[in-house]
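The values are calculated or read from the model by the stated rules, or taken from the named source; none is laboratory data. Just so we're clear, the structure is a prediction, and the values are computed from it rather than from any experiment. Backbone-built Cβ (ideal geometry, glycine too); neighbour counts: all protein chains shown. Protein only, heavy atoms only, side chains kept; ligands, DNA and RNA dropped before computing areas. Shrake-Rupley method; radii C 1.70, N 1.55, O 1.52, S 1.80 Å.
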Amino acid sequence: IEKRFGKIDFDAACTREDCVVDLDCEDWYSNGFFFDLGEDALARDWSHLLGHVFCNPPFAKARYFAKKIHESGEGFWESDGYGDTALKWVWTGPKVSLLVPCPIDAQWFWKYVADVALVLPLSPRVPFLNADGSPVLDKNGKQASINRPCMIAHYGEAPKQELWKWLE
């Protein structure tokens, strides 16, 4: 994700143990690098978030986080000043990479994601990792992965859909 969208500056749904932001500093909490899962991230104001925000919420709450991001900004096409057909995408909210299941059959996907975010279904499926970064193994000794397709919905780039072969 950082290779494609830049350094992650804030984690919107994590604990200190699984935060993707480098917390290698003494004042990690006062710097405000993340909303802890013990906090209600959905009740917090996201409009002030700067830089690149990563959000991997509990999958059962994916639609609520997508709605929160959608409500934290506005996306629209505007002329770039070089003619009527040259348009650029403008997103007024925080730049967020949302890692969630890819539910193209869900109403919330079409309402809060498809028309305002770059949608990247992930191939191959995302593996489970232990806190130390080692792979979680299934009962057959193979690396376990999430049992459904996932996506990154990136708010901040022009809305479109493309398959992302993220390991290449």
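Among DSSP bridges having both ends in the chain, what percentage is antiparallel? Round to the nearest 5.
Counting DSSP beta bridges with both partners in the chain, the antiparallel share is about 60 percent.
Could you tell me what percent of the accessible area of the chain is made up of carbon and sulfur, with a 1.4 Å probe and every protein chain present?
Of all accessible area on the chain, carbon and sulfur atoms account for 50 percent.
Excluding ligands and nucleic acids, what accessible area in Å² is computed for His48 using a 1.4 Å probe, to the nearest 10?
That residue has around 100 Å² of solvent-accessible surface.
Counting DSSP beta bridges with both partners in region 82-168, what percentage is antiparallel, nearest 5?
In region 82-168, DSSP labels about 75 percent of beta bridges as antiparallel.
Note the full-extension length gain between Asp18 and Leu137 as 0.36 nm times their separation in residues minus their Cα-Cα distance, in nm to one decimal.
Taking Asp18 through Leu137 to full extension adds about 41.0 nm, to one decimal.
When a/c reaches 1.5 or more, the comparison of a/b and b/c decides; with that in mind, is the chain rounded, prolate or oblate per its Cα gyration tensor?
Oblate, since a/c reaches 1.5 and b/c is not below a/b.
With a 1.4 Å probe and all protein chains left in place, how much accessible area per residue does the chain have, in Å²?
Dividing the accessible area of the chain by its residue count gives 60 Å².
Can you work out the FRET efficiency for the pair Arg44 and Ser79, with r the C-beta to C-beta distance and R0 = 30 Å, to the nearest 0.05?
0.30
Report the gain in length on full extension from Trp108 to Ser123: 0.36 nm times residue separation, minus Cα-Cα distance, nm rounded to one decimal.
3.2 nm
I'd like the GluC sites (Glu not before Pro) in region 60-119 restricted to DSSP loop residues with at most 11 other Cβ atoms within 10 Å, sorted by number.
Qualifying residues, ordered by number: Glu74.
With θ set to phi - 60°, apply the Karplus curve 6.51 cos²θ - 1.76 cosθ + 1.60 along region 152-158 and write out the HN-Hα couplings as whole Hz, x wherever there is a Gly or Pro.
Here the 3J(HN,Hα) series is 9, 9, 9, 8, x, 10, 4 Hz.
Can you tell me the alpha carbon radius of gyration of region 45-101 divided by the globular rule-of-thumb value 2.2 N^0.38 Å?
1.38
Counting each DSSP H run of 4 or more residues in the chain as -39500 (n - 2.57), what helix-only mean residue ellipticity at 222 nm follows after dividing by all residues, to the nearest 500 deg cm²/dmol?
Calculated mean residue ellipticity at 222 nm is -3000 deg cm²/dmol.
Which one of Phe109, Ala43, Gly75 is farthest out on the positive end of the charge dipole of the chain, using unit charges on Cβ (Lys, Arg +1; Asp, Glu -1) and the Cα centre as origin?
Phe109
Taking amide H atoms as placed 1.01 Å from N in the peptide plane, list the residues 5 or more away in sequence, or in a different chain, whose amide H sits under 5 Å from that of Cys14.
Amide H to amide H, under 5 Å and 5 or more residues apart or across chains, Cys14 pairs with Phe35, Leu37.
So which of Lys67/Lys95; Lys61/Lys111; Lys3/Lys165; Lys3/Lys111; Lys111/Lys160 end up more than 24 Å apart, counting from Cα to Cα?
Exceeds cut-off: Lys3/Lys111.
At most 14 other Cβ atoms within 10 Å and a DSSP loop assignment: could you name the trypsin sites (Lys or Arg not before Pro) in region 45-147 that fit?
Arg125, Lys139, Lys142
How high is the relative contact order of the chain, given as a whole-number percent (alpha carbon pairs under 8 Å, six or more residues apart)?
21 percent
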